[in-house]
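For reference, the structure is listed below as structure tokens.
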Amino acid sequence: MTATKEAAVTAQPTVHSGRSWTANVLKARESGIVLALIVLVAFTATQNSRFLSGQSIRDILLGTAILAVLAVGQAIVMITRNIDLSVGSVLGLSAFAVGTLMKDNPGLPVIVAILAGLGVGAACGLVNGVLVRFGQVPALVVTLGTLYAYRGVSYFWAGGQQINADKLPKSFLDFGTASILGVPWLVLIALLVLVAAGIVLRSYRAGRELYAMGSSPQAAQLAGIKVGRNTSAAFLVSGALAGLAGVLFAARFGTVDAAAGTGYELNVVAAAVVGGVAVFGGSGSVWGAGLGALLLTVIGSALAVLDINQFWQQAIVGALILLAIGADRLVAVRVAKALKKRDSHV
Amino acid sequence: MTRPRPGRAPLLEVRGVTKSFGAVAAVAGVSFGLHAGEAHALVGENGAGKSTIVKMLAGVHKPDDGTLLLDGEPVEFGSPADAKAAGIAVIYQEPTLFPDLSVEENIVMGRHPRKSLGRIDRAAIRAEAERLFARLGVRIDPARPARGLSIADQQIVEIAKALSADARVLVMDEPTAALTRIEVERLFSVARALRQEGAAIMFISHRFEEITELCQRVTIMRDGKHVSSDALEDVTVGEMVKRMVGRDLDALFPKQDVEPGAVVLEVEGLAREGVFRDISFSVRAGEIVAFAGLVGSGRSEVVQAVFGVDERDAGIVKVSGKKLKPHSSRAAMAAGMALVPEDRRQQGLIMDLSIERNVTLPRSRALSKLGFLTGASERQEARRWTERLRTKYRRLGDPVGTLSGGNQQKVVLAKWLAMAPKVLIVDEPTRGIDVGTKAEVHRLMSSLAAEGVAVVMVSSELPEVLGMADRVLVMREGRIVAELPRAEATEDSVMFAAMGQGAAA
């Protein structure tokens, strides 16, 4: 009897799909965004050739760079089944802090500005992380609170004053517009952030643990993952990147007041969601979030070029989010069905 | 290194541990030792405190009092990571997988093999998963996501996870509940190999034949207290049951003879692409019909389609001659059908609601007066059924999530039994239920049948199938391959049909 049982089991050959299912789904998702981008750019360009002029492309890339840096941080937090609503305020605080620093010390090199922005952001992020970790309060509530708190600090500090471009050192403003080999510095920095975050999330234990935590917090705890520490770290990174985005913002626009970056947080969440980062954690990639940021920026500037009322932009972004969520749901159902069928032996 | 022999200082010792949740002492002053090279069974009724002991060994709970000793040295586990680092691997009662991640990554999570620059070595992960699955003799695609795996496959991944950790102490909390006989044998041969390599094993199960097969020593718990620890050959199964339950037990399969009445449930030509096909059967009032077969043969899927939870591609389901709308569990319930699902925690309970509310949920309309649910009628009904199933709880108003795993299952059973259905479908009626309640569930099923209920049962436990069913339908690869009346159903005939040895192969 035993012998026949063994035979029955071993007779079934091992099945391999060869490719990772999750990777395939992600690829489908990201190619969808790329496709939407191509259609959008092609259509807009036929309506108005100015859309593909050097200056227009430059503007889009610079805008994307700032949004993408924020979206990478947001994606990291969202993958752990949390959310960071304070990024717009952190950007504002960091931009104002760096602007003030550069205005008062015109001789400082740009790298100091970047480090200062990262530091301000990291401190804000750490506060978020500690509150979420030890307060046992949902991240949505904590960061909604700090959204107002950090903005309040900016207003208190600025007291209505504005930092204008003519007060900032030329080296800093040049950093906002200069290119190396034709690629603007801001874009290079955003790409660097994107690649580094992408590699860590994909190929390092720490990154994989973030996905695990978002996929099942209880299981992550049982697997011995330091959930609390990792959560704090995710918020710290998101804050630091928001701080970096503040530096980029100040350098690009040159004019900073206490309201800089107001309302950015929702654009950032939208970019991540459109890019396929699940609000419930555990799936998505920073590449997707970056593409989402690019898509939202391109839509904004396409509407301007096409002379469509800015009002429509918000409606279109909203429709896009619903479409993205609907598409995700559809793919999930399809995959579940396919998996069920593959499992059966009929 | 000298390997300690059984009987000498234990590898891991539990000394006088106590753990309370609120006012209830889940575990009070329990002591026993796990020796290297020995498999140690921990038995007791649902809620006796077994899983609490497991969670203390795993570092999830800290004992309020008492100590854990590893190699004779007191240790304190502040977190599951500490326990893992100390070489303790745990297979939990409920699978704890990451649904979004691939199966292979689930296995190595937290211990990913690494290559240069600290990067994850994906090839090594794949090789590790394939090695483990080969050792366990199962075919699961390591690259597929864990989401959508059957319970049995989830449990196998859990086992692979524990094996992958190269543990010195392997703790298994009812790992076999969802597995077929073959998978259990595979698991046991691996466990024996580990034991011979000097690992200590703690094994929790409600199946005595498994305990006697694998273990050398047994500790019995009752109501959170330690009853006895003996070498297994010194105690009989009857003695163990008596100590667990604290009383003598009546027959385990109290099957009443019932004269079957009119046909109540008729299923014709039911099919679902890729899952099952040509499913036709009928059940009379007062009859108990069991679906037997290997896990994955499509039994659960058939009853889910009959009940209308899943869609079907073809076929007719009739209750008392009336055709049911496909893919509508609401219609099935209205026609008097009830389904107790296999995965009770996920499909059968609302964890944050109270016990009484959970029990009376499907009948909340019938119990309400003028549209309001009155606490009294709800409580009365809930008390009647939970007491009949001997559920252990503090107050009926407590959330279901606070109960132990086995007691949660009893609440699900109570919920559907309270509906007084015409057709009762039970998927694995006694999975994870202790021996005392098993007899009670069986008696209940039998008395429901005697009252004229048509009972359909899906079960992986052959003794239960043979002991309870009037007719056995054996499934293999999505089809009914044999229909055996009670007189012809034996362990051999059912297994032969299930494995494909009886049919023209």
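The values are calculated or read from the model by the stated rules, or taken from the named source; none is laboratory data. For clarity, every value in this text was computed on a predicted model and none was experimentally measured. A quick note on method: Cβ atoms are made from the backbone with ideal geometry, for glycine too, and the neighbour counts reach across all protein chains shown.
Descriptive notes on the structure:
- Long-range neighbours under 8 Å by Cβ, at least six apart or interchain, first residue part of a helix (DSSP H, G or I) within the stretch A:324-346, second modelled with pLDDT under 70 and among the β-branched types (V, I, T): A:V331/A:V25; A:V335/A:V25; A:R342/A:V15
- Residue match in the stretch B:100-115 (condition: facing chain A (nearest Cβ under 8 Å) and under 27 Å from B:I211 (Cα atoms)): no
- Enumeration of residues in the stretch B:405-439 that are of a type in the set (D, E) and modelled with pLDDT under 80: B:D434
Here is a yes/no grid of residues against (1) touching a residue at least 24 places away in the same chain (Cβ under 8 Å); (2) of a type in the set (G, A, S):
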site: A:G92; (1), (2): yes, yes
site: A:R133; (1), (2): yes, no
site: A:V142; (1), (2): no, no
site: A:Y148; (1), (2): yes, no
site: A:R151; (1), (2): yes, no
site: A:F156; (1), (2): no, no
site: A:N164; (1), (2): yes, no
site: A:K167; (1), (2): yes, no
site: A:V183; (1), (2): no, no
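- Qualifying residue in the stretch A:57-69 (condition: at pLDDT 85 or above and within 14 Å of chain B (Cβ to nearest Cβ)): no
- Matching helices (runs of 4 or more DSSP H) fully within the stretch A:169-241 where at least 3 residues are at pLDDT 95 or above, more than 13 Å from chain B (Cβ to nearest Cβ) and on the phi < 0 side of the Ramachandran plot: A:185-203
- Exclusive hit being at pLDDT 90 or above and assigned to a loop (DSSP other than H, G, I, E, B), set B:L97, B:L68: B:L97
Per-residue answers, yes or no, for (1) buried (at least 19 other Cβ atoms within 10 Å of the Cβ); (2) touching a strand residue (DSSP E or B) at 6+ places or on another chain (Cβ under 7 Å):
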position: B:V289; (1), (2): yes, yes
position: B:F307; (1), (2): yes, yes
position: B:V317; (1), (2): yes, yes
position: B:K325; (1), (2): no, no
position: B:A331; (1), (2): no, no
position: B:D343; (1), (2): no, no
position: B:I355; (1), (2): yes, no
position: B:N358; (1), (2): yes, no
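- Listed conditions (1) under 24 Å from A:S216 (Cβ atoms); (2) crowded, with 20+ Cβ neighbours inside 10 Å; (3) in contact (Cβ under 8 Å) with a residue 60 or more places away in the chain are all met by B:I151, apart from (2).
- Test: residue in the stretch B:149-160 that is more than 23 Å from A:E209 (Cβ to Cβ), more than 9 Å from chain A (Cβ to nearest Cβ), part of a helix (DSSP H, G or I) and polar (S, T, N, Q): yes
- Index of the failed condition, A:L244 passing every other in (1) touching a Gly at 6+ places or on another chain (Cβ under 6 Å); (2) part of a helix (DSSP H, G or I); (3) within 14 Å of another protein chain (Cβ to nearest Cβ): (3)
- Screening the candidates B:K392, B:K415 for the property of being surrounded by 24 or more Cβ atoms within 10 Å (Cβ to Cβ) and in contact with a helix residue (DSSP H, G or I) (Cβ under 7 Å, 6 or more places away or on another chain) yields one hit, B:K415.
- Taking the conditions (1) assigned to a strand (DSSP E or B); (2) hydroxyl-bearing (S, T, Y); (3) within 16 Å of B:V426 (Cβ to Cβ) in turn, B:S280 satisfies each one other than (3).
- Matching entry among B:R272, B:R277, B:R217 (being within 24 Å of the chain's Cα centre (by Cα) and of a type in the set (D, E, K, R)): B:R217
- Odd one out for A:F172 among (1) surrounded by fewer than 22 Cβ atoms within 10 Å (Cβ to Cβ); (2) more than 30 Å from B:V90 (Cβ to Cβ): (1)
- You will find that of B:R8, B:R15, the residue that is at pLDDT 90 or above, surrounded by fewer than 22 Cβ atoms within 10 Å (Cβ to Cβ), over 12 Å from B:M221 (Cβ atoms) and of a type outside the set (G, A, S) is B:R15 and no other.
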